[in-house]
Amino acid sequence: MALSTKNVGILCQYFYPEHVSTATLITELALGLKERGLDVSVVCGYPQEYISDSFKKIQVDEILEGVTIKRIKYTEYNNKSKFGRIFNFFSFFLSMFTKFFYLRKFKMIIVYSNPPILPLITYLLKKIYGTEFIFVAFDVYPDNALKINRIKENGIIHKLMNFINKRVYSNASTIVLLGNEMKDYVLNHNIAKSSKNLKVIPNWFSNEKSVQHTLVVNDEFIEIKKNYRFIVLYSGNMGPVQDMETILQGILSFKNREDIFFIFSGHGSKVQYVKSFLKNNKINNSQVFGFLKGQDYADVLSISSLCLVSLEKGIEGLGVPSKTYGYLAASKPVLSIMSHDTDIAKDLLTFECGVNILQGDIVGFVNGINRYFLNSTLTEAESLNARKLYETKFTKDLNINKYFELI
(Lines give C-alpha, C1' and ligand atoms only; values in the text may rest on other atoms or scores of the structure.)
Protein backbone atom coordinates (compact mmCIF):
# COMPACT_ATOMS: atom_id res chain seq x y z
CA MET A 1 0.00 0.00 0.00
CA ALA A 2 1.41 3.39 -0.98
CA LEU A 3 1.56 5.73 1.98
CA SER A 4 0.89 9.46 1.77
CA THR A 5 3.16 12.12 3.31
CA LYS A 6 1.25 11.89 6.57
CA ASN A 7 1.09 8.14 6.47
CA VAL A 8 0.08 7.02 9.97
CA GLY A 9 -2.47 8.51 12.35
CA ILE A 10 -3.08 7.29 15.90
CA LEU A 11 -6.38 7.83 17.74
CA CYS A 12 -6.40 7.33 21.50
CA GLN A 13 -7.56 8.90 24.74
CA TYR A 14 -4.36 8.78 26.80
CA PHE A 15 -0.95 9.86 25.52
CA TYR A 16 2.21 11.69 26.61
CA PRO A 17 2.74 13.18 29.18
CA GLU A 18 0.24 11.02 31.06
CA HIS A 19 1.86 8.24 33.09
CA VAL A 20 -0.91 5.60 32.95
CA SER A 21 0.39 2.44 31.24
CA THR A 22 -1.80 2.77 28.13
CA ALA A 23 -0.46 6.28 27.52
CA THR A 24 3.12 5.09 27.86
CA LEU A 25 2.60 2.17 25.47
CA ILE A 26 0.95 4.29 22.78
CA THR A 27 3.57 7.03 23.12
CA GLU A 28 6.36 4.49 22.69
CA LEU A 29 4.61 2.99 19.67
CA ALA A 30 4.27 6.42 18.03
CA LEU A 31 7.93 7.26 18.66
CA GLY A 32 9.02 3.78 17.57
CA LEU A 33 7.17 4.02 14.26
CA LYS A 34 8.68 7.47 13.71
CA GLU A 35 12.17 6.07 14.34
CA ARG A 36 11.46 3.41 11.72
CA GLY A 37 10.84 6.06 9.07
CA LEU A 38 7.10 6.66 9.18
CA ASP A 39 5.45 10.06 9.47
CA VAL A 40 3.28 9.76 12.59
CA SER A 41 0.54 12.04 13.96
CA VAL A 42 -1.52 11.50 17.10
CA VAL A 43 -4.97 12.81 18.01
CA CYS A 44 -5.62 12.23 21.71
CA GLY A 45 -7.38 13.56 24.77
CA TYR A 46 -6.07 16.53 26.71
CA PRO A 47 -4.35 15.25 29.89
CA GLN A 48 -6.54 15.39 32.98
CA GLU A 49 -6.00 12.73 35.61
CA TYR A 50 -2.79 10.79 34.98
CA ILE A 51 -0.23 13.59 34.98
CA SER A 52 2.56 14.67 37.30
CA ASP A 53 2.83 18.12 38.83
CA SER A 54 5.95 18.87 36.78
CA PHE A 55 3.76 19.50 33.72
CA LYS A 56 2.19 22.86 34.49
CA LYS A 57 1.21 23.92 31.00
CA ILE A 58 0.44 21.52 28.19
CA GLN A 59 -0.10 22.74 24.66
CA VAL A 60 -3.08 21.64 22.60
CA ASP A 61 -0.75 21.19 19.62
CA GLU A 62 2.78 19.88 20.12
CA ILE A 63 5.56 18.06 18.29
CA LEU A 64 7.32 15.35 20.31
CA GLU A 65 10.51 14.01 18.71
CA GLY A 66 9.00 14.45 15.26
CA VAL A 67 5.54 13.10 16.18
CA THR A 68 2.71 15.60 15.68
CA ILE A 69 0.27 15.69 18.61
CA LYS A 70 -3.19 17.26 18.53
CA ARG A 71 -5.07 17.18 21.84
CA ILE A 72 -8.82 17.58 22.24
CA LYS A 73 -10.59 18.67 25.43
CA TYR A 74 -13.62 16.91 26.92
CA THR A 75 -15.63 16.78 30.13
CA GLU A 76 -14.03 15.85 33.45
CA TYR A 77 -16.87 14.27 35.42
CA ASN A 78 -16.13 11.64 38.06
CA ASN A 79 -15.09 8.44 36.25
CA LYS A 80 -16.00 6.39 39.30
CA SER A 81 -19.70 7.09 38.73
CA LYS A 82 -21.52 5.28 35.95
CA PHE A 83 -23.07 8.40 34.46
CA GLY A 84 -19.89 10.44 34.80
CA ARG A 85 -17.94 7.75 32.96
CA ILE A 86 -20.53 7.47 30.17
CA PHE A 87 -20.79 11.24 29.79
CA ASN A 88 -17.01 11.56 29.55
CA PHE A 89 -16.89 8.80 26.93
CA PHE A 90 -19.45 10.50 24.69
CA SER A 91 -17.95 13.94 25.29
CA PHE A 92 -14.56 12.60 24.23
CA PHE A 93 -16.10 10.96 21.15
CA LEU A 94 -17.86 14.14 20.05
CA SER A 95 -14.73 16.22 20.58
CA MET A 96 -12.71 13.70 18.59
CA PHE A 97 -15.31 13.80 15.83
CA THR A 98 -14.48 17.48 15.26
CA LYS A 99 -11.16 16.21 13.83
CA PHE A 100 -12.95 14.05 11.26
CA PHE A 101 -11.89 16.11 8.24
CA TYR A 102 -8.32 16.34 9.52
CA LEU A 103 -8.22 12.54 9.84
CA ARG A 104 -9.35 11.95 6.27
CA LYS A 105 -5.83 12.74 4.98
CA PHE A 106 -4.38 9.55 6.49
CA LYS A 107 -4.12 6.34 4.52
CA MET A 108 -3.72 4.29 7.72
CA ILE A 109 -4.99 4.94 11.26
CA ILE A 110 -4.30 2.96 14.43
CA VAL A 111 -7.27 3.24 16.80
CA TYR A 112 -7.65 1.90 20.34
CA SER A 113 -10.56 0.34 22.21
CA ASN A 114 -10.51 2.98 24.95
CA PRO A 115 -13.05 4.49 24.99
CA PRO A 116 -14.93 1.71 23.20
CA ILE A 117 -16.97 3.99 20.90
CA LEU A 118 -13.84 5.65 19.48
CA PRO A 119 -13.34 3.11 16.62
CA LEU A 120 -16.70 4.16 15.16
CA ILE A 121 -14.86 7.20 13.77
CA THR A 122 -12.38 5.06 11.84
CA TYR A 123 -15.21 2.88 10.55
CA LEU A 124 -16.92 6.00 9.11
CA LEU A 125 -13.61 7.18 7.64
CA LYS A 126 -13.22 3.80 5.95
CA LYS A 127 -16.72 3.95 4.46
CA ILE A 128 -16.51 7.58 3.27
CA TYR A 129 -12.84 8.03 2.34
CA GLY A 130 -11.47 4.48 2.13
CA THR A 131 -9.15 5.01 5.11
CA GLU A 132 -7.59 1.75 6.29
CA PHE A 133 -7.42 1.21 10.04
CA ILE A 134 -5.86 -1.10 12.58
CA PHE A 135 -8.01 -1.68 15.67
CA VAL A 136 -6.09 -2.44 18.88
CA ALA A 137 -8.30 -4.17 21.45
CA PHE A 138 -6.87 -3.62 24.93
CA ASP A 139 -10.02 -5.37 26.15
CA VAL A 140 -13.26 -6.81 24.76
CA TYR A 141 -16.10 -4.39 25.40
CA PRO A 142 -19.02 -4.67 26.22
CA ASP A 143 -18.42 -8.26 27.34
CA ASN A 144 -16.05 -7.23 30.12
CA ALA A 145 -18.55 -4.65 31.41
CA LEU A 146 -21.29 -7.29 31.46
CA LYS A 147 -19.09 -9.66 33.46
CA ILE A 148 -18.61 -7.12 36.24
CA ASN A 149 -22.22 -5.84 36.09
CA ARG A 150 -21.29 -2.37 34.86
CA ILE A 151 -23.98 -2.45 32.16
CA LYS A 152 -27.25 -4.31 31.62
CA GLU A 153 -27.54 -7.16 29.16
CA ASN A 154 -29.53 -6.05 26.09
CA GLY A 155 -29.57 -2.50 27.44
CA ILE A 156 -28.94 0.49 25.21
CA ILE A 157 -25.15 0.50 25.77
CA HIS A 158 -24.91 -3.24 25.16
CA LYS A 159 -26.84 -2.95 21.90
CA LEU A 160 -24.91 0.14 20.79
CA MET A 161 -21.56 -1.55 21.36
CA ASN A 162 -22.62 -4.71 19.54
CA PHE A 163 -23.66 -2.49 16.64
CA ILE A 164 -20.25 -0.76 16.65
CA ASN A 165 -18.24 -3.97 17.15
CA LYS A 166 -19.93 -5.69 14.23
CA ARG A 167 -18.79 -2.92 11.89
CA VAL A 168 -15.34 -2.35 13.40
CA TYR A 169 -14.31 -6.02 13.52
CA SER A 170 -15.47 -6.65 9.94
CA ASN A 171 -13.96 -3.49 8.41
CA ALA A 172 -10.58 -3.16 10.13
CA SER A 173 -7.62 -4.23 8.03
CA THR A 174 -6.24 -5.86 11.20
CA ILE A 175 -7.57 -6.49 14.70
CA VAL A 176 -4.70 -6.54 17.20
CA LEU A 177 -5.40 -8.65 20.31
CA LEU A 178 -3.14 -8.88 23.37
CA GLY A 179 -3.22 -12.66 23.80
CA ASN A 180 -4.32 -15.91 22.21
CA GLU A 181 -7.09 -16.27 24.80
CA MET A 182 -8.51 -12.95 23.52
CA LYS A 183 -8.31 -14.25 19.97
CA ASP A 184 -10.15 -17.42 20.96
CA TYR A 185 -12.78 -15.39 22.81
CA VAL A 186 -13.69 -13.09 19.91
CA LEU A 187 -13.88 -16.07 17.56
CA ASN A 188 -15.84 -18.34 19.91
CA HIS A 189 -18.33 -15.55 20.72
CA ASN A 190 -18.77 -14.60 17.07
CA ILE A 191 -17.42 -11.09 17.61
CA ALA A 192 -14.97 -11.70 14.77
CA LYS A 193 -16.27 -13.74 11.84
CA SER A 194 -12.85 -14.98 10.76
CA SER A 195 -9.30 -15.25 12.06
CA LYS A 196 -7.90 -13.81 8.81
CA ASN A 197 -7.57 -10.25 10.09
CA LEU A 198 -6.74 -11.17 13.70
CA LYS A 199 -3.18 -10.63 14.94
CA VAL A 200 -1.84 -11.30 18.44
CA ILE A 201 0.67 -8.66 19.57
CA PRO A 202 1.23 -8.41 23.33
CA ASN A 203 1.97 -5.21 25.16
CA TRP A 204 5.47 -4.67 26.51
CA PHE A 205 7.23 -3.18 29.51
CA SER A 206 8.93 0.19 29.29
CA ASN A 207 12.13 1.24 31.02
CA GLU A 208 13.51 -2.27 31.26
CA LYS A 209 16.95 -0.93 32.15
CA SER A 210 15.54 0.82 35.23
CA VAL A 211 14.44 -2.48 36.78
CA GLN A 212 17.70 -4.29 36.13
CA HIS A 213 19.47 -2.76 39.12
CA THR A 214 20.04 -3.64 42.75
CA LEU A 215 20.51 -0.17 44.24
CA VAL A 216 17.40 0.83 46.21
CA VAL A 217 16.90 4.53 46.94
CA ASN A 218 13.55 4.67 48.75
CA ASP A 219 14.19 4.58 52.53
CA GLU A 220 10.91 2.78 53.27
CA PHE A 221 11.72 -0.04 50.87
CA ILE A 222 15.28 -0.25 52.20
CA GLU A 223 13.84 -0.77 55.70
CA ILE A 224 11.41 -3.47 54.55
CA LYS A 225 14.21 -5.33 52.75
CA LYS A 226 16.38 -5.08 55.85
CA ASN A 227 13.72 -6.60 58.11
CA TYR A 228 12.27 -9.35 55.88
CA ARG A 229 14.04 -12.12 54.01
CA PHE A 230 11.24 -12.82 51.50
CA ILE A 231 9.01 -10.14 49.95
CA VAL A 232 5.92 -10.80 47.82
CA LEU A 233 4.65 -8.00 45.55
CA TYR A 234 1.25 -7.31 44.02
CA SER A 235 1.49 -4.28 41.76
CA GLY A 236 -1.05 -2.62 39.47
CA ASN A 237 -4.80 -2.26 39.31
CA MET A 238 -6.95 -3.72 42.09
CA GLY A 239 -10.35 -3.49 40.45
CA PRO A 240 -13.38 -5.60 39.52
CA VAL A 241 -11.46 -7.88 37.14
CA GLN A 242 -8.66 -8.74 39.59
CA ASP A 243 -9.06 -11.64 42.03
CA MET A 244 -7.87 -10.12 45.30
CA GLU A 245 -9.83 -12.53 47.51
CA THR A 246 -7.64 -15.57 46.80
CA ILE A 247 -4.54 -13.52 47.60
CA LEU A 248 -5.94 -12.10 50.85
CA GLN A 249 -7.25 -15.44 52.09
CA GLY A 250 -3.90 -16.99 51.26
CA ILE A 251 -2.00 -14.33 53.17
CA LEU A 252 -3.85 -15.34 56.35
CA SER A 253 -1.63 -18.44 56.43
CA PHE A 254 1.44 -16.22 56.68
CA LYS A 255 -0.08 -13.76 59.15
CA ASN A 256 2.51 -11.77 61.12
CA ARG A 257 5.46 -13.88 60.00
CA GLU A 258 8.74 -12.13 60.69
CA ASP A 259 10.46 -13.45 57.55
CA ILE A 260 7.80 -12.82 54.85
CA PHE A 261 6.31 -9.45 53.87
CA PHE A 262 3.51 -8.65 51.41
CA ILE A 263 3.40 -5.39 49.44
CA PHE A 264 0.37 -4.10 47.52
CA SER A 265 0.92 -1.21 45.13
CA GLY A 266 -1.60 0.40 42.81
CA HIS A 267 -5.10 1.78 42.56
CA GLY A 268 -8.63 0.62 41.81
CA SER A 269 -12.03 0.00 43.37
CA LYS A 270 -10.77 -2.82 45.64
CA VAL A 271 -7.91 -0.92 47.26
CA GLN A 272 -9.99 0.10 50.26
CA TYR A 273 -11.22 -3.48 50.68
CA VAL A 274 -7.62 -4.74 50.68
CA LYS A 275 -6.65 -2.15 53.31
CA SER A 276 -9.65 -3.02 55.49
CA PHE A 277 -9.01 -6.77 55.23
CA LEU A 278 -5.40 -6.42 56.31
CA LYS A 279 -6.36 -4.10 59.17
CA ASN A 280 -9.36 -6.11 60.39
CA ASN A 281 -7.34 -9.32 60.38
CA LYS A 282 -4.38 -7.61 62.06
CA ILE A 283 -1.96 -8.70 59.35
CA ASN A 284 1.09 -6.65 60.29
CA ASN A 285 3.54 -8.09 57.77
CA SER A 286 1.92 -6.25 54.87
CA GLN A 287 1.50 -2.74 53.53
CA VAL A 288 -0.53 -1.01 50.82
CA PHE A 289 1.10 1.71 48.74
CA GLY A 290 -0.41 3.97 46.12
CA PHE A 291 0.43 3.98 42.42
CA LEU A 292 4.22 3.74 42.14
CA LYS A 293 6.19 4.92 39.14
CA GLY A 294 9.77 5.73 38.16
CA GLN A 295 12.42 5.03 40.78
CA ASP A 296 9.90 3.97 43.43
CA TYR A 297 8.50 1.27 41.15
CA ALA A 298 12.00 0.11 40.24
CA ASP A 299 12.85 -0.05 43.95
CA VAL A 300 9.82 -2.12 44.94
CA LEU A 301 10.54 -4.57 42.12
CA SER A 302 14.17 -4.77 43.17
CA ILE A 303 13.42 -5.80 46.76
CA SER A 304 10.74 -8.35 45.77
CA SER A 305 11.35 -12.09 45.70
CA LEU A 306 8.09 -13.16 44.04
CA CYS A 307 5.33 -11.25 42.21
CA LEU A 308 1.58 -11.80 41.96
CA VAL A 309 -0.91 -11.31 39.14
CA SER A 310 -4.59 -12.31 39.13
CA LEU A 311 -7.85 -12.29 37.18
CA GLU A 312 -11.38 -12.97 38.37
CA LYS A 313 -12.86 -16.22 37.11
CA GLY A 314 -14.44 -15.80 33.67
CA ILE A 315 -12.50 -12.62 32.85
CA GLU A 316 -9.84 -14.52 30.89
CA GLY A 317 -9.99 -13.61 27.21
CA LEU A 318 -11.47 -10.17 27.90
CA GLY A 319 -8.10 -8.60 28.67
CA VAL A 320 -4.49 -9.43 29.53
CA PRO A 321 -2.75 -8.15 32.71
CA SER A 322 0.30 -6.41 31.28
CA LYS A 323 1.81 -5.86 34.74
CA THR A 324 3.31 -9.33 34.29
CA TYR A 325 5.81 -8.01 31.74
CA GLY A 326 7.35 -5.63 34.28
CA TYR A 327 7.81 -8.52 36.70
CA LEU A 328 9.54 -10.58 34.03
CA ALA A 329 11.73 -7.67 32.90
CA ALA A 330 12.92 -7.35 36.49
CA SER A 331 13.77 -11.08 36.55
CA LYS A 332 11.07 -12.00 39.06
CA PRO A 333 9.25 -15.36 39.15
CA VAL A 334 5.47 -14.99 39.05
CA LEU A 335 2.58 -16.63 40.88
CA SER A 336 -0.47 -16.13 38.65
CA ILE A 337 -4.11 -16.72 39.55
CA MET A 338 -6.17 -17.40 36.41
CA SER A 339 -7.17 -20.10 33.95
CA HIS A 340 -4.47 -22.56 32.92
CA ASP A 341 -5.42 -21.80 29.28
CA THR A 342 -4.11 -18.23 29.31
CA ASP A 343 -0.88 -17.26 27.59
CA ILE A 344 0.59 -16.13 30.91
CA ALA A 345 -0.06 -19.46 32.62
CA LYS A 346 1.36 -21.38 29.67
CA ASP A 347 4.43 -19.15 29.40
CA LEU A 348 5.25 -19.49 33.11
CA LEU A 349 5.13 -23.27 32.74
CA THR A 350 7.07 -23.42 29.46
CA PHE A 351 9.88 -21.11 30.59
CA GLU A 352 9.89 -22.47 34.17
CA CYS A 353 9.60 -19.06 35.81
CA GLY A 354 6.47 -19.29 37.92
CA VAL A 355 3.35 -21.21 38.86
CA ASN A 356 -0.32 -20.75 38.05
CA ILE A 357 -3.25 -21.60 40.29
CA LEU A 358 -6.99 -21.31 39.79
CA GLN A 359 -9.14 -18.74 41.53
CA GLY A 360 -10.08 -19.81 45.06
CA ASP A 361 -7.22 -22.30 45.41
CA ILE A 362 -5.94 -21.12 48.79
CA VAL A 363 -3.84 -24.26 49.34
CA GLY A 364 -2.26 -23.74 45.93
CA PHE A 365 -1.46 -20.13 46.85
CA VAL A 366 0.21 -21.14 50.10
CA ASN A 367 2.17 -23.90 48.36
CA GLY A 368 3.19 -21.46 45.64
CA ILE A 369 4.62 -19.00 48.17
CA ASN A 370 6.43 -21.77 50.04
CA ARG A 371 7.81 -23.20 46.81
CA TYR A 372 10.06 -20.17 46.49
CA PHE A 373 10.42 -19.19 50.15
CA LEU A 374 11.85 -22.61 51.05
CA ASN A 375 14.13 -22.91 48.02
CA SER A 376 16.38 -19.94 47.27
CA THR A 377 18.25 -21.90 44.58
CA LEU A 378 14.99 -22.48 42.70
CA THR A 379 14.08 -18.80 43.06
CA GLU A 380 17.41 -17.72 41.58
CA ALA A 381 17.11 -20.14 38.65
CA GLU A 382 13.54 -19.11 37.83
CA SER A 383 14.49 -15.45 38.12
CA LEU A 384 16.91 -15.94 35.23
CA ASN A 385 14.21 -17.81 33.29
CA ALA A 386 11.77 -14.93 33.85
CA ARG A 387 14.15 -12.53 32.13
CA LYS A 388 14.57 -15.01 29.25
CA LEU A 389 10.79 -15.09 28.77
CA TYR A 390 10.69 -11.30 28.73
CA GLU A 391 13.47 -11.05 26.15
CA THR A 392 11.84 -13.72 23.99
CA LYS A 393 8.33 -12.26 23.82
CA PHE A 394 7.77 -8.93 25.55
CA THR A 395 10.46 -6.40 24.63
CA LYS A 396 9.47 -3.03 23.20
CA ASP A 397 11.46 -3.30 19.97
CA LEU A 398 10.20 -6.79 19.21
CA ASN A 399 6.54 -5.82 19.40
CA ILE A 400 6.79 -2.38 17.82
CA ASN A 401 8.41 -4.15 14.86
CA LYS A 402 5.26 -6.26 14.58
CA TYR A 403 3.15 -3.09 14.25
CA PHE A 404 5.59 -1.69 11.71
CA GLU A 405 5.28 -4.87 9.63
CA LEU A 406 1.47 -4.57 9.72
CA ILE A 407 1.64 -1.05 8.30
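The values are calculated or read from the model by the stated rules, or taken from the named source; none is laboratory data. Quantities reported herein were computed from a predicted structural model and do not represent experimental measurements. Positions of Cβ are generated from backbone atoms using ideal geometry, with glycine treated the same way; all protein chains shown enter the neighbour counts. The accessibility values were calculated without ligands, DNA or RNA, using every heavy atom of the protein model including side chains. Shrake-Rupley method; radii C 1.70, N 1.55, O 1.52, S 1.80 Å.
With the crude spin-label approximation of a point 7 Å out along Cα→Cβ, what separation in nm comes out for L124 versus R150?
2.3
Go through E391, E65 and list them by solvent-accessible area, largest first, probe radius 1.4 Å.
E65, E391
Going from the alpha-carbon gyration tensor of the stretch 355-407, what semi-axes, largest first and in whole Å, does one get by taking the root of 5 times each eigenvalue? It would help to have the intermediate numbers written out before the result.
On the way: eigenvalues 216, 54, 4 Å².
Each semi-axis is √(5λ); the values are 33, 16, 5 Å.
Report the full-extension gain for the segment R104 to K313: residue separation times 0.36 nm, less the Cα-Cα distance, to one decimal in nm.
Value of the extension gain: 71.0 nm.
How much length would be gained if the chain were fully extended between H340 and E62, taking 0.36 nm per residue of separation minus their Cα-Cα distance, in nm to one decimal?
Between H340 and E62, full extension yields 95.6 nm more.
If you average 1/r over all unlike Cα pairs in the stretch 212-371 and invert the result, what Kirkwood radius do you get in angstrom?
In the stretch 212-371 this quantity evaluates to 15.7 Å.
Test of understanding: what is the full-extension gain from E223 to K166, defined as 0.36 nm times their sequence separation minus their Cα-Cα distance?
Result: 15.1 nm gained on full extension.
Report the residues of the stretch 153-183 in range of a label on K402: point 7 Å along Cα→C-beta, backbone N strictly under 18 Å from it.
173-183
Under 18 Å from a label point 7 Å along Cα→Cβ of S276: give me every residue in the stretch 214-257 with its amide N that close.
Inside the label zone: 238-249.
DSSP H helices in the chain with Cα extent of 30 Å or more along the helix axis and mean Kyte-Doolittle hydropathy at least 0.0?
Result, helices passing both filters: zero.
Would you mind giving the three semi-axes, in whole Å and largest first, of the ellipsoid equivalent to the chain according to its Cα gyration tensor?
After diagonalising the Cα gyration tensor, the semi-axes are 37, 23, 21 Å.
If the reach is capped at under 20 angstrom between alpha carbons, list the aspartates and glutamates near K282, excluding any in the same chain fewer than eight residues apart.
E245, E258, D259
Using a 1.4 Å probe on the protein heavy atoms, what percent of the accessible area of the stretch 85-232 belongs to carbon and sulfur?
52
If you average 1/r across every pair of different Cα atoms in the stretch 160-260 and take the reciprocal, what Kirkwood value do you get, in Å?
It works out to 18.3 Å.
Among all the lysines, which ones have a C-alpha under 22 Å from K279's C-alpha, if same-chain residues fewer than 8 places away are not counted?
List returned: K225, K255, K270.
Pull out a ≥ b ≥ c, the square roots of the eigenvalues of the alpha-carbon gyration tensor of the stretch 17-123, then state rounded if a/c is under 1.5, prolate if not and a/b is larger than b/c, and oblate in the remaining case. Let's see the in-between values first.
Values: a/c = 1.82, a/b = 1.24, b/c = 1.47.
Oblate, since a/c reaches 1.5 and b/c is not below a/b.
Over what distance in Å are the Cα centres of the stretch 122-189 and the stretch 295-346 separated?
Result: 25 Å between the Cα centres.
Where a Cα-Cα gap under 19 Å defines reach, which aspartates and glutamates qualify for K57, not counting those fewer than 8 residues away within the same chain?
Leaving aside aspartates and glutamates fewer than 8 places away in the same chain, those within reach of K57 are E18, E49, E65, E76.
Mind telling me which of I157, I231, I344 comes out most flexible in a GNM of the chain, alpha-carbon contacts under 10 Å?
Sorting by GNM fluctuation, first place goes to I157.
Name the residue, out of F230, F133, F15, whose mean-square fluctuation peaks in a Gaussian network model built on the chain with Cα pairs under 10 Å.
F230
Restricting to DSSP H runs of at least four residues, report the calculated mean residue ellipticity at 222 nm for the chain, -39500 (n - 2.57) per run over all residues, nearest 500 deg cm²/dmol.
Numbers: 16 runs with 168 residues, N = 407.
Helix contribution divided over all residues of the chain: -12500 deg cm²/dmol.
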